[in-house]
Structures are given as structure tokens and as C-alpha cells.
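The block underneath contains the structure these notes are about, expressed in C-alpha cells.
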Amino acid sequence: MQTISRRLARESFPRPAIYSLKSLYPISDQYYGAYDRRYASTLATKGVGHLVRKGTGGRSSVSGIVATVFGATGFLGRYLVQELAKMGSQVLVPFRGSEDAPRHLKLMGDLGQIVPMKYNPRDEDSIKAVMAKANVVINLIGREYETRNYSFEVVNHHMAEQLAKISKEHGGIMRFIQLSCLGASESSPSRMLQAKAAAEESILRELPEATILRPAVMLGTEDRLLNPWAQFAKKYNFLPLIGNGSTKIQPVYVADVASAVVAALKDDGSSMGKVYELGGPDVYTLHQLAELMYEVIREWPHYVNVPFPIAKAISSPRELLLNKVPFPLPTPSIFNLDLIHALSSDKLVSQDALTFNDLGIVPHKVKGYPIEFLIQYRKGGPNYGSTVSERVTPESYP
């Protein structure tokens with residue numbers, strides 16, 4: 001009986017050729033968003049024209065952006081992938097480690113929109129494969145310490161230069177955005193900042209229309225400044241301040257930097273070929289930032305002043321032994337020699353630089369939500385702490 005039913009079904013409904021939705025339902029193209037200005041993508045194609053977008057915006061829409069985000073599994077990467085995904089972009093996530101590394105990113109977009117792709121940064125064919133379907137390339141790759149396999153120059157300069165060359169050969173990459181560092185200069189005592197400056201020069205030589213963003217020290221839940229400080233202060237009951245904490249910085253909330261990248265993508269091409277310096281609205285010395293950290297974790301501040309020469313002497317053994325021992329050395333935290341070199345001078349936004357304002361963004365103040373994650377370091381729980389003499393009620397919770 002089932003056989004007869006299947007045969008009748010085939011005879012009654014012969015298998016048609018594959019039709020598009022438009023052929024089955026002859027609706028005007030305006031309902032597909034092709035001619036509706038509200039649904040037109042703002043991604044400029046080398047300064048002219050627009051990509052067609054479908055939907056009203058949001059994760060289930062199609063923005064027209066297919067972005068390969070190198071370094072997406074890092075600190076800034078998760079915030080940038082979130083911003084791209086929630087506007088309906090497809091994000092290709094190259095990764096070189098465990099398959100668990102990009103797993104948390106897949107939840108940020110609609111089904112199939114976040115695509116992890118394993119690659120080898122030393123293999124050019126592997127890089128071309130993850131960029132093949134893209135029309136946007138964003139490079140977040142960077143590291144503030146060396147390992148036995150990757151030097152400052154390889155990670156911060158040569159990889160960026162290689163991505164720019166491949167993007168140029170690709171022919172379909174409409175936007176290339178490079179994340180550099182505030183203070184990047186060939187004359188900097190920091191090798192990382194020297195490498196970042198060399199990368200900027202190489203990229204603009206290959207792709208004059210590339211956009212360079214130089215964020216200041218980024219703060220957020222996974223940051224590598226306040227987290228190590230809070231861990232050290234909680235464990236040892238004091239915090240070493242290098243150079244008496246007199247260096248001035250302009251810390252910025254990491255989500256604001258991610259918003260700046262998206263704002264550069266969505267403009268009319270006016271950001272192409274330009275360099276932006278992204279600093280927060282307030283200037284802090286390292287000592288003032290440490291005071292703010294102690295205030296949030298509710299601990300009594302205790303500092304030990306470590307002059308720069310002594311801090312460099314403490315940090316030097318790792319750099320001397322890095323390539324001389326047959327095993328990997330621990331990752332440096334507070335006593336990172338190159339970071340100490342970088343913090344030997346103030347890192348502030350230049351007076352005449354393009355900033356957040358030129359991208360239409362108002363950055364958050366550091367004091368408040370951006371550092372609220374530090375409450376996890378309070379002794380006894382988020383409502384307690386060493387500086388609280390009595391139980392804090394929900395009404396008095398900050």
C-alpha cells in the first residue's frame with residue numbers, strides 16, 4: 001500500500017526543476033530589499049557603491065558583510081564578533097589551536113553565520129583559504145610578549161604584512177582594518193610598538209585604502225591589566241607599582257573599540273586610508289588606576305614602588321633564557337620587560353589625531369560599568385570586602 005501511495009505521489013507531483021523563490025512568487029524586488037534604502041548596506045566598496053542587504057537589521061538579517069577576523073579568539077575578538085554578528089554579518093573565524101577556542105563565538109550569530117576555520121599562520125595557502133569568501137579582512141593579531149615560536153616581529157609585523165599582500169591579490173577585499181597600538185613608533189623602546197609601527201607602514205604601502213586603529217590600553221572582563229593587578233593584590237596583599245605608577249595612560253573600554261571597528265565599516269568610505277587613535281575620555285596615572293581598582297575590590301591599598309631599572313632587572317631573565325632552554329617559560333604578567341619599556345613614557349592620544357568623535361562614538365568612562373567585573377575579587381563575595389565593616393544591604397549595593 002505504501003509503495004502504491006509513493007508511486008501516485010510521484011505521478012501527481014512530478015519533480016520540478018529547481019526554481020528560485022522569485023520565480024515561484026513573482027514579487028517585486030523591492031520586497032527583497034534590493035531597492036529599499038532602509039535595507040541597503042552601508043559597506044562602501046572602495047569608496048563607491050553599496051552591497052545589497054536583506055532584512056531590517058539584527059542577527060537574522062543579511063548585512064552583506066563577510067568578514068574574516070584574524071585574532072577573533074582573543075580579548076577584543078569576542079566583542080568585535082558580537083558586534084558584527086548582531087547586524088547580520090557572516091564572520092569567518094580563523095583559529096590555530098583547539099577546536100574549543102572559537103566555540104563561545106558560535107553563539108553570537110544566527111545559525112551558520114559564525115564559521116570557525118582552522119588555519120596555519122605560517123602557511124600562505126591556509127590563509128588564502130580562510131579569506132577566499134570574504135569581502136572584509138580585520139586583523140586583531142598581536143601579542144605583548146614573545147614565545148619560543150613567535151617573536152614580536154613575526155606576530156605584530158610580518159603576519160600583518162602577509163595579510164595585506166594576500167588581500168591585495170584577492171581582488172574582492174573591500175575593506176582592510178588593522179588594529180595597532182597607541183604609541184606605535186619606530187623610535188619606541190618597546191619592540192612590540194616598533195613592530196606595530198612597521199606593520200602600519202607595510203600595510204599602507206600594500207593597501208593605501210586600509211584603515212588603521214590605534215587603541216589605548218583596553219579594559220574589560222578579560223583584560224590583561226586590572227585582572228593581574230587584582231589577582232596579585234588579593235594573593236600577596238600589596239601591588240608593585242613600576243616607576244611609582246607615574247606613567248599616564250588613557251584606558252578605553254574594549255566594547256568601544258569593537259564599536260569603532262564596526263563604525264569604520266559602516267561609513268561611506270571616509271575612514272579609508274586614515275589612522276585613528278582611540279583613547280578613553282579620562283587620563284589616569286597607573287597609581288590612580290590602581291586606586292580605582294582597590295576601591296572596586298574593597299581592599300586596603302598597599303603599594304611597593306619598583307623603580308624602572310629594578311623592574312627591568314627582575315623581568316630580564318625570562319628574555320635571556322627564552323630561546324636557550326628546551327622548555328616553554330611562564331607567560332609574564334606584571335613584570336613583562338617589553339611592557340615595562342612601553343610604560344616608560346606616557347601613552348596619550350595626540351592632539352591632532354582622529355578619534356572616537358570622528359567615528360561618531362562617545363566612549364564610556366572607565367569608572368563604572370567597564371570595571372564592574374572586578375567585584376569577583378572581593379573577599380567573602382560581591383557584597384563584602386575587607387574595607388566593609390558591616391554587611392552591605394541590596395539597597396546600598398553600588
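The values are calculated or read from the model by the stated rules, or taken from the named source; none is laboratory data. Just so we're clear, the structure is a prediction, and the values are computed from it rather than from any experiment. When we count neighbours, we look across all protein chains shown, and the Cβ atoms used for this are built from the backbone with ideal geometry, even at glycine. Areas reflect the complete protein model, heavy atoms only, side chains present, ligands, DNA and RNA absent. Shrake-Rupley method; radii C 1.70, N 1.55, O 1.52, S 1.80 Å.
Can you name the condition, by its number, that S188 falls short on among (1) out of contact with any Lys or Arg (no Cβ under 8 Å at 6 or more places or on another chain); (2) among the polar types (S, T, N, Q); (3) not in a loop (DSSP other than H, G, I, E, B)?
If we test S188 against (1) out of contact with any Lys or Arg (no Cβ under 8 Å at 6 or more places or on another chain); (2) among the polar types (S, T, N, Q); (3) not in a loop (DSSP other than H, G, I, E, B), just (3) comes out false.
What's the number of the condition S396 fails, among (1) surrounded by 11 or more Cβ atoms within 10 Å (Cβ to Cβ); (2) among the polar types (S, T, N, Q); (3) at pLDDT below 85?
Unmet for S396, out of (1) surrounded by 11 or more Cβ atoms within 10 Å (Cβ to Cβ); (2) among the polar types (S, T, N, Q); (3) at pLDDT below 85: (1).
Give just the number: which of (1) surrounded by fewer than 11 Cβ atoms within 10 Å (Cβ to Cβ); (2) in contact with a Phe, Trp or Tyr (Cβ under 6 Å, 6 or more places away or on another chain); (3) under 18 Å from L182 (Cβ atoms) does H364 not satisfy?
(1)
Among the residues of the range 303-345 satisfying the criterion of being hydroxyl-bearing (S, T, Y) and under 24 Å from the mean Cα position of the chain (by Cα), which is surrounded by the fewest Cβ atoms within 10 Å (Cβ to Cβ)?
Checking each candidate, the answer is T331.
At least 3 residues that are touching a residue at least 40 places away in the same chain (Cβ under 8 Å) and farther than 24 Å from F152 by Cα in each: list the helices (runs of 4 or more DSSP H) lying fully within the range 238-324 that qualify.
254-266, 286-297
For V366, state whether it is closer than 22 Å to W229 by Cβ, part of a loop (DSSP other than H, G, I, E, B) and not polar (S, T, N, Q).
For V366, the condition - closer than 22 Å to W229 by Cβ, part of a loop (DSSP other than H, G, I, E, B) and not polar (S, T, N, Q) - is met.
Output the residue which, of all residues in the range 168-179 that are free of Cβ contacts under 8 Å to residues at least 60 places away in the same chain and not acidic (D, E), is surrounded by the most Cβ atoms within 10 Å (Cβ to Cβ).
Q178
Which condition number in (1) part of a loop (DSSP other than H, G, I, E, B); (2) modelled with pLDDT under 95 is the one that G142 fails?
Answer for G142: the failing condition is (2).
Based on what the data block shows, is S350 of a type in the set (S, T, Y) and either farther than 26 Å from D256 by Cα or within 21 Å of the chain's Cα centre (by Cα) (or both)?
Considered against the rule, which asks whether it is of a type in the set (S, T, Y) and either farther than 26 Å from D256 by Cα or within 21 Å of the chain's Cα centre (by Cα) (or both), S350 comes out as no.
For the range 122-143, give me each residue that is open to solvent by less than 30 Å² (accessible area, probe 1.4 Å) and over 21 Å from the mean Cα position of the chain (by Cα).
S126 - this is the single residue of the range 122-143 that is open to solvent by less than 30 Å² (accessible area, probe 1.4 Å) and over 21 Å from the mean Cα position of the chain (by Cα).
Does L111 meet the test of being modelled with pLDDT under 95, part of a helix (DSSP H, G or I), open to solvent by 30 Å² or more (accessible area, probe 1.4 Å) and of a type in the set (A, V, I, L, M, F, W, C)?
no
Which one of these is within 21 Å of A353 (Cβ to Cβ) and either part of a loop (DSSP other than H, G, I, E, B) or at pLDDT 95 or above (or both): A230, A195, A164?
Within the list A230, A195, A164, the selection yields A195.
Among the residues of the range 144-167, how many are more than 21 Å from L204 (Cα to Cα), open to solvent by less than 60 Å² (accessible area, probe 1.4 Å) and in contact (Cβ under 8 Å) with a residue 12 or more places away in the chain?
Residues in the range 144-167 being more than 21 Å from L204 (Cα to Cα), open to solvent by less than 60 Å² (accessible area, probe 1.4 Å) and in contact (Cβ under 8 Å) with a residue 12 or more places away in the chain: 4 in total.
Exactly one of these conditions fails for T355: (1) surrounded by 13 or more Cβ atoms within 10 Å (Cβ to Cβ); (2) over 30 Å from L179 (Cα atoms). Give me its number.
Condition not satisfied by T355: (2).
If we keep just the residues of the range 377-393 that are modelled with pLDDT of 70 or more and exposed (fewer than 13 other Cβ atoms within 10 Å of the Cβ), which is nearest to T221 (Cα to Cα)?
The extreme case among them is G381.
Across the range 203-214, which residue is nearest to S180 (Cα to Cα) among those that are open to solvent by 10 Å² or more (accessible area, probe 1.4 Å) and not in a loop (DSSP other than H, G, I, E, B)?
Only one residue tops the list, namely R214.
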